[in-house]
Structure formats: C-alpha cells, structure tokens
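Step one of this worksheet: look at the structure below.
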Amino acid sequence: MKSPRALSILAIAILCSCSNGGNTKMTEVANGVWKLTCGRPEAFNLTSGLGITPKADAINAMPECSGLPFDMNDLNLEVFDGKTYIRFPLEEDEKIFGLGLNFHSVERRGSIMRLHVDHYGGSDNGRTHAPVPFFVSSRGYGAFINSARYIDVWAGTGVRKDSKHPAKVIDRNTDPDWTAQPYSDNLEFLVPAEGVEIMLFAADNMLDVVRKFNLWNGGGVLPPRWGLGFWHRVPTLYSDQQVYDEVAEFQKKEFPLTVIGLEPGWQSMAYPCTYMWDEGRFPNPGEFVARLDAMGIKTNLWMNPGISPESDLYDSIEPYTGTHTEWCGIVPDYTMAQARDIVGRFLWDNEGSIGVSGFKMDENDGIDSWLYTDVARFPSGHAAEQIRQTYGSMMQKTLTDLYRSRNTRTYGLVRAANAGTVSYPFVIYNDYYDHRGFITALINSSFIGTLWTPEVRSSDSAEEWLRRMQTVCFSPLAMLNAWSDGTKPWSFQEVNDEVKACAELRMELIPYLYTAFADYTFYGTPPVRAMNLEEGYACEDGFEKGVLDSTENPYQMAIRQEAMDQFMVGNDILVAPFFEGDRERKVVLPRGRWYDFWTGELAGDSEVITVTDNTGKGNIPVYVRDGGIIPMFPAVSALDGTPLPVTIRHYGEKSSSYHLYDDDGSTFDYEKGDYTRIEINVEVAADGSKTGKVTVPEGRKLYSISGIEFGF
Ligand code: GAL
C-alpha cells in the first residue's frame, strides 16, 4: 500500500460536458472521491438529514487513486425542463452493479428502472426496499446520484444517433445476429430536479470503490455481538407466558438463541400502533425483558409508522405528522428533529429504559394503497416523494441516535433504506419469499451499503427448511420469523440435527463474523458480499439469445446469464448454497486454491467445480481460501457475557496472518480506541507442519475471549 497522502480539500472546478448546468463544479474531497454538482441541487437529498461524518482518513489511507477511468468530456450533464439529465459513457466489456436491492439480477446493464422506495413486487424495475442510486462499474469507479426524488435509469439501453460506438444496423428479416436490444454505450439518469449532487468514487478495483462509498457514508455498522447469534420471532399474539414456554423449549433442546422478537401483539393496539405494551399479554414488561436478559436473550419489538389515536404519544406527535394516514395512524415527519425527539423519548420511556434491545421497523417502504400518497403534505415542507425516499432512513436515524445517546449498541430490522444508512444498525427483510431471490438480494446488498437477511418463515418440505436455515446462518442476521406460521427451528423432524448444527455453526463463527463487521466499520468492506467484488473471480456472465416465440418472446430478447447464487462471507469464506431439489451445483472458485470448510481437503484451484449431494440434507457447500484463518467459539447456545475460548482453524498450505477483532460487544467505546486487534500468525513449514502464534498488543486486553488455541 502506498503511503497515505495528505489531502486538503481541493476546490478545483473541473469542466465537464454540461449544457445549461452553468454552475457545474467538481471538487476532490478525499483520495479518489469527488463531489460534482450541476445546476441547483436541492438542499434536501438522501443524506442531508442523516448527519453523516465521512471517514475521510480511512479513504485517504487507501492506495492513492490515479483518477477517474473515463474522459470527463464523456460525462454529460444537462438541466432541461426542470430536470437534470445525466449520461455516463459505457465501454463494451463494462459491467454495472448496484442501483438497489434487486432479487432477480445482479448486473444492471440492460435494465430500465425508476428508483422508488417500495415493497418488492416481483420485478427488478427499481421499486424495492432500498433503491439506492449508486452504481459501481467494472472499470473501477462508482457514482452516487444524491437526490431524494424518483430517479429514472436507463442502464445501457439508450441508443443515440451521435454515439461514438454506434450499434450495427442489420436486417431482422435476413440476419440471425439481429437483436432487439442494439448495443448501447451509455448509462443515463433523469432526476426530476433542476440540479443534483453526484459523488464519484474511483479505485483500482470494484471492492475499493464500494469501500470508499461506504466510508464516505460513515463506514459500516458494528452490531452488538449478541446481534450475530440466532434470532427467533414468535407468533404475533403470543403472551409473556407463551414466550417463556418457547424459550424453555429452546433451552431444553440446547438450540442457540440470543434474541426474541415480538410481533404486533406486544402492543395494546396495532395497525395503527400505540407503541405501548398490551396489559393483558404483557402485564409486567419490565420483568419480562429482565427475565429474558438474565438468560442472555435480548428483546426486539415490531413497530410500523402509523400512530394510533389510542396512544399516549398521539397528541404530542400530531403537529409533526403528515396530512395522510397509514392504516388510520398518523405518520410522523421524521425529517424533523422534533418528531425524532418526541418518538425517541416515548420509545425510550416505554421500552428502551426497561432493556428492550431494539426494534423491527416495518412497512416504512410502501405498498402504495396502504401508504400516504404522493400528494400528502408534511410539516417540514418536504414533498411526499422526498419523504417516501427517505422514510426508512430517517426512522433508522431516530433509533440509531436514541441508542447511541445511551452508549448502547442496538441491532434491528427495517423494511426500507436508502443511500447513507450504511452505519445504521438495521438489516432489511421483506415478505417476498423466493429463496433464490433472497440470495440474489444478499449479493446485491453488498454493492449499495445495506444489509439483508434471507429470513426463514416456513417451508413446504424438510429439505427447503434446511436449505433456508443454512443460508440465513451465513447472512448478516440469522433469524426465524414465525410471526404468522408459528414455526420453530425443529418444525421439520427429519432435518432437526442438521438445522441445529447450522445454528450452532453460526454461534461458533461469531468471532469471525464480528471481525468481518469490524472491517465494515473501519475499512468499509461489506461483511457478506458479491463474488464480483472478489479479486480473481471470473465468470462467464453475459447474454444468451432467447428462443423466438410470438407470445412469450416475440423479439427474441436475450436471456441474462450471471452468477447470483454464491457469495463471500468475511475475507476468506465462500458460500455456495444448495436450494431445494438441487442434487449438484457448480461453484466458481476465484483465482488460487480453495479448501472445503468441512473436511479441510483441497476443493479446487482457480476453477469451476461441481459439488453433489444425493441426500438433499448435506452440509451447505463452504470453501476457504488458501491460508484462510477462521477463529471459532465453542458451539454455545447463548451469549451471557462470559468470555469464551477461541479455537483457530487454518486452511491450506499458505502461511498467513489475521487480525482478530475484540471489544466489549455492546457500547461505542471502541470508537475511542477501546478495542483489541489480536494478531494471529500461522507458519506452514516445507513439510506441511503448522505453527501458530498469537500476539496481543501490549497494554491491550481481551474482552469476549478467555483464551486462544490452535486447532491443528
Ligand atoms: C409484515 C412483516 C412481517 C410481520 C408482519 C406482522 O409486514 O413483513 O414480517 O412482521 O408484518 O404484521
């Protein structure tokens, strides 16, 4: 790595091709990060309300950036008709990723979208839980269009007559090479505002571009350690006694459990909500939360935005709510500090102060017929469109600030997010339930600074149950959401042992996962991420000609081939799940040697392997990079704060080192330097024998770890 360069804020006006955007300005604000403004950007954008402090020092410590990979004259900005027109150049082999939490595709080239916060409706058309207007290009740069408007995107579909790389004109009647999607050399955006701020990020590789985007937005979240255990959400109308009984079953079966989630029924009224405990089902909430806490189990509570007239909160929040309701509940304008303070204080007094660890903030994403409409008015004066695009972000800010002000980390769930929420402790989920789609979303979440959980709810078969459990245990939040189905981890007897083993593995992997999250915080590295962000990953992605059919495919549209079913967890683990019915699958191993996680055997070297499972019940295929060091806890079923022994695994033949991260697991003291990076070195001798060394830097202590030994 080159030495960090000292950057002062350079105010250099760089000319780019901009008509009517007379006041276009581009300023380098950190190493390979530029702020570009065109026209009159709106004061309120996706990040203006979030109070983000960019981690510029961490960006400046990255390898020095040599600049953007394209000619600025090819970046076109124009303000016309009250809107901003943006055009980036595309090269022939260039790939585009990001632009929201999509469930059916990873590469964006060839798609047309309107980025609009919404419940995902089954198509990658831009309406989704996190339609983040950030893309990363395989050329080594990325752009974030910072506008809280519904943004239109044509990702390599528009064909201009003045194109520098014109599409070939051919005759469909006679030429089999004719295609319904002629070649396009541009990526276009239309922002319905008379100007916009664009952040540009450049680096040698896509992962570093994503890191810069994440660091610029404050760095990734570091969840409390308990957040990385196993979560279980109980049926919506469960009472305290039913929860105690359920927890007792977990304990009897020694099944891991670190968080219990309560669904709408914890409240005295839901849809609209009171945010107040139901006295019948939970007569003594303080005792309830304390009793779970004493067993090392945290409590997480469901909520949605609409506040009921029955709530004690109603009168005080009413002046800060919009004209329209959600399920007859009034809707706070969280862009206003007063609204955040009032709701935050209420949630603390009624829930946080008795030990509730966090919330699941539901239904802030949309479903148009349930939500306030776009003609709703809000007291802040922001348009309903802007409120919609930022609602999940501003709710997250409310709760993030609430817990942070008490020096307590929270970790919860949310159904809407947007750019700038990377440091917020919330994981996105939804009601959509396609398992493959869930994994594609997991992959996509890593390009856009968000976290996603492929939560498990129900299954049609034991095999599907196991396959879902296996993947959720390798995600940012391992959860069974039994709110409506009343499922339990052991609902499918045939796979009980296998399900328990993967939940236990989740607990064992906590030191590794926690370190991966520390890298998210300090270096912006997504803890779970797309293979496309992995160096040395080459995959035959592309388009395959479709079959002509007068109703199904009258223009013989191309069918996209891309890798949407394997991903990285932390720096060294590659996960390639089986889905229900699979008896074999292909796994693309990036450059280098990779070892089977379960057996330690060499699995392949820079190649595509085929893995089989004739039982439908086998382990999830997991591979470790040559030299991969994996620190593991014992298979505990709870985390009660007692330090645990760590066993170090080392895979392959390469000597290597690893910096295991440890801190108190629950406060923000790590931000003041109160943490330890334990250096672990493994030397592999010529005869294959391994020697390990652990170094705790002088004056540093261990927090969650009672001792470290090597498992070889
Ligand atoms: C849904 C949510 C579910 C569950 C349910 C409760 O919107 O996605 O996970 O919480 O509400 O009513």
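The values are calculated or read from the model by the stated rules, or taken from the named source; none is laboratory data. The shown structure was predicted, so the numbers you read here are calculated from the model rather than taken from an experiment. Here the Cβ is made from the backbone with ideal geometry for all residues, glycine too, and neighbour counts use every protein chain on show. Protein only, heavy atoms only, side chains kept; ligands, DNA and RNA dropped before computing areas. Shrake-Rupley method; radii C 1.70, N 1.55, O 1.52, S 1.80 Å.
Could you check how many residues of segment 250-269 are of a type in the set (Asp, Glu), under 19 Å from Ser458 (Cα atoms) and away from the ligand (no atom under 16 Å from the Cβ)? Break it down stepwise before answering.
Filtering segment 250-269 down to residues of a type in the set (Asp, Glu) leaves 254, 263.
Narrowing further to those that are under 19 Å from Ser458 (Cα atoms): 263.
Next cut, away from the ligand (no atom under 16 Å from the Cβ) only: none.
Final tally of qualifying residues: 0.
When you scan segment 521-592 for strands (runs of 3 or more DSSP E) that lie fully inside it, which ones turn up with 3 or more residues that are over 19 Å from Asn205 (Cα atoms) and in contact with a Gly (Cβ under 9 Å, 6 or more places away or on another chain)?
Details: elements: 528-530, 542-544, 559-561, 567-569, 573-575, 584-588.
Those strands (runs of 3 or more DSSP E) span 559-561.
Does segment 185-192 contain any residue that is of a type outside the set (Lys, Arg), within 16 Å of the ligand (Cβ to nearest atom), at pLDDT 95 or above and in a loop (DSSP other than H, G, I, E, B)?
Within segment 185-192 (the criterion being of a type outside the set (Lys, Arg), within 16 Å of the ligand (Cβ to nearest atom), at pLDDT 95 or above and in a loop (DSSP other than H, G, I, E, B)), the answer is no, since none of the residues qualifies.
Could you list all residues from segment 464-485 that are assigned to a loop (DSSP other than H, G, I, E, B) and open to solvent by 20 Å² or more (accessible area, probe 1.4 Å)?
Result: Trp483, Ser484, Asp485.
Scan segment 486-516 for residues that are over 30 Å from Ile448 (Cβ atoms), aliphatic (A, V, I, L, M) and open to solvent by less than 10 Å² (accessible area, probe 1.4 Å) and jot them down.
Val495, Val499
Ile317: surrounded by 15 or more Cβ atoms within 10 Å (Cβ to Cβ) and closer than 20 Å to Asp365 by Cβ, yes or no?
no
Restricting attention to segment 466-489, report how many residues are within 16 Å of the ligand (Cβ to nearest atom) and not charged (D, E, K, R). Break it down into steps so the answer makes sense when it comes.
Step one: of segment 466-489, the residues within 16 Å of the ligand (Cβ to nearest atom) are 468, 472, 475, 477-487.
Of the ones still in play, those that are also not charged (D, E, K, R) are 472, 475, 477-484, 486-487.
Total meeting the criteria: 12.
Being in a loop (DSSP other than H, G, I, E, B), buried (at least 21 other Cβ atoms within 10 Å of the Cβ), in contact (Cβ under 8 Å) with a residue 40 or more places away in the chain and not hydroxyl-bearing (Ser, Thr, Tyr) narrows it down to one residue among Pro305, Pro283; which is it?
Testing whether each residue is in a loop (DSSP other than H, G, I, E, B), buried (at least 21 other Cβ atoms within 10 Å of the Cβ), in contact (Cβ under 8 Å) with a residue 40 or more places away in the chain and not hydroxyl-bearing (Ser, Thr, Tyr) leaves just Pro305.
Matching residues to (1) part of a loop (DSSP other than H, G, I, E, B); (2) over 30 Å from Leu36 (Cα atoms):
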residue	(1), (2)
Ala148	yes, no
Asp152	no, no
Thr174	yes, yes
Pro182	yes, yes
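Is it the case that Asp362 is in contact (Cβ under 8 Å) with a residue 60 or more places away in the chain and within 16 Å of the ligand (Cβ to nearest atom)? Before you say what the answer is, go through the steps one by one.
Values: in contact (Cβ under 8 Å) with a residue 60 or more places away in the chain: yes; within 16 Å of the ligand (Cβ to nearest atom): yes.
Yes: the conditions hold for Asp362.
Is at least one residue of segment 444-463 touching a residue at least 40 places away in the same chain (Cβ under 8 Å), more than 14 Å from the ligand (Cβ to nearest atom), assigned to a helix (DSSP H, G or I) and buried (at least 24 other Cβ atoms within 10 Å of the Cβ)?
Checking segment 444-463: at least one residue is touching a residue at least 40 places away in the same chain (Cβ under 8 Å), more than 14 Å from the ligand (Cβ to nearest atom), assigned to a helix (DSSP H, G or I) and buried (at least 24 other Cβ atoms within 10 Å of the Cβ).
Just the residues that are within 16 Å of the ligand (Cβ to nearest atom), open to solvent by 10 Å² or more (accessible area, probe 1.4 Å) and touching a Phe, Trp or Tyr at 6+ places or on another chain (Cβ under 8 Å), please, taken from segment 433-443.
If the condition is that a residue be within 16 Å of the ligand (Cβ to nearest atom), open to solvent by 10 Å² or more (accessible area, probe 1.4 Å) and touching a Phe, Trp or Tyr at 6+ places or on another chain (Cβ under 8 Å), then Asp434 is the only one that fits.
Hey, Gly381 hits all of (1) open to solvent by 10 Å² or more (accessible area, probe 1.4 Å); (2) touching a residue at least 60 places away in the same chain (Cβ under 8 Å); (3) more than 16 Å from the ligand (Cβ to nearest atom); (4) at positive phi but one; which does it fall short on?
Gly381 satisfies every listed condition except (2).
Would you check which residues across segment 542-571 are open to solvent by 20 Å² or more (accessible area, probe 1.4 Å) and either in contact with a helix residue (DSSP H, G or I) (Cβ under 8 Å, 6 or more places away or on another chain) or modelled with pLDDT of 90 or more (or both) and list them?
From segment 542-571, those open to solvent by 20 Å² or more (accessible area, probe 1.4 Å) are 542-545, 547-562, 564-565, 571; that's our starting set.
If the condition is that a residue be open to solvent by 20 Å² or more (accessible area, probe 1.4 Å) and either in contact with a helix residue (DSSP H, G or I) (Cβ under 8 Å, 6 or more places away or on another chain) or modelled with pLDDT of 90 or more (or both), then Met564, Asp565, Asn571 are the ones that fit.
Only one of Thr27, Thr53, Thr47, Thr37 is open to solvent by 70 Å² or more (accessible area, probe 1.4 Å), in the same structural domain as Val132 (by TED's automatic domain parsing) and at pLDDT 95 or above. Can you tell me which?
That would be Thr53, the only listed residue that is open to solvent by 70 Å² or more (accessible area, probe 1.4 Å), in the same structural domain as Val132 (by TED's automatic domain parsing) and at pLDDT 95 or above.
Give just the number: which of (1) surrounded by 22 or more Cβ atoms within 10 Å (Cβ to Cβ); (2) out of contact with any Asp or Glu (no Cβ under 9 Å at 6 or more places or on another chain) does Thr373 not satisfy?
(1)
Please work out which residue is farthest from the chain's Cα centre (by Cα), limiting yourself to segment 348-402 and to residues that are farther than 21 Å from Thr236 by Cα and assigned to a strand (DSSP E or B).
Ranking the candidates gives Arg377 first.
So Asp519 passes all but one of these: (1) acidic (Asp, Glu); (2) open to solvent by less than 30 Å² (accessible area, probe 1.4 Å); (3) within 30 Å of Glu464 (Cα to Cα). Which condition number does it fail?
(3)
Quick check on Pro332: is it within 20 Å of Thr398 (Cα to Cα), within 16 Å of the ligand (Cβ to nearest atom) and either of a type in the set (Lys, Arg) or in the same structural domain as Ala376 (by TED's automatic domain parsing) (or both)? Working first, answer last.
Values: within 20 Å of Thr398 (Cα to Cα): yes; within 16 Å of the ligand (Cβ to nearest atom): no; either of a type in the set (Lys, Arg) or in the same structural domain as Ala376 (by TED's automatic domain parsing) (or both): yes.
No: the conditions fail for Pro332.
I need the full set of residues from segment 419-432 which are within 10 Å of the ligand (Cβ to nearest atom), of a type in the set (Phe, Trp, Tyr) and open to solvent by 10 Å² or more (accessible area, probe 1.4 Å), in order please.
Matches in segment 419-432: Tyr432 only.
Just checking, does segment 591-601 include any residue being in contact with a helix residue (DSSP H, G or I) (Cβ under 7 Å, 6 or more places away or on another chain) and surrounded by 15 or more Cβ atoms within 10 Å (Cβ to Cβ)? Write out each step before concluding.
Pass one, segment 591-601, residues in contact with a helix residue (DSSP H, G or I) (Cβ under 7 Å, 6 or more places away or on another chain): none.
No, segment 591-601 contains no residue that is in contact with a helix residue (DSSP H, G or I) (Cβ under 7 Å, 6 or more places away or on another chain) and surrounded by 15 or more Cβ atoms within 10 Å (Cβ to Cβ).
Taking the condition more than 18 Å from Trp266 (Cβ to Cβ), away from the ligand (no atom under 16 Å from the Cβ) and open to solvent by 10 Å² or more (accessible area, probe 1.4 Å), does Arg409 pass?
no
Could you run through segment 209-237 and say how many residues are open to solvent by less than 20 Å² (accessible area, probe 1.4 Å) and either assigned by TED's automatic domain parsing to the domain that holds Gly39 or more than 16 Å from the ligand (Cβ to nearest atom) (or both)?
Number of matching residues: 18.
Give me the strands (runs of 3 or more DSSP E) completely within segment 649-712, filtered to those with at least 2 residues that are of a type in the set (Val, Ile, Thr) and either open to solvent by less than 30 Å² (accessible area, probe 1.4 Å) or at pLDDT below 95 (or both), ordered by residue number. Spell out how you get there, then give the answer.
Numbers: elements: 656-662, 676-684, 690-695, 705-710.
Once the strands (runs of 3 or more DSSP E) in segment 649-712 are filtered for at least 2 residues that are of a type in the set (Val, Ile, Thr) and either open to solvent by less than 30 Å² (accessible area, probe 1.4 Å) or at pLDDT below 95 (or both), what remains is 676-684.
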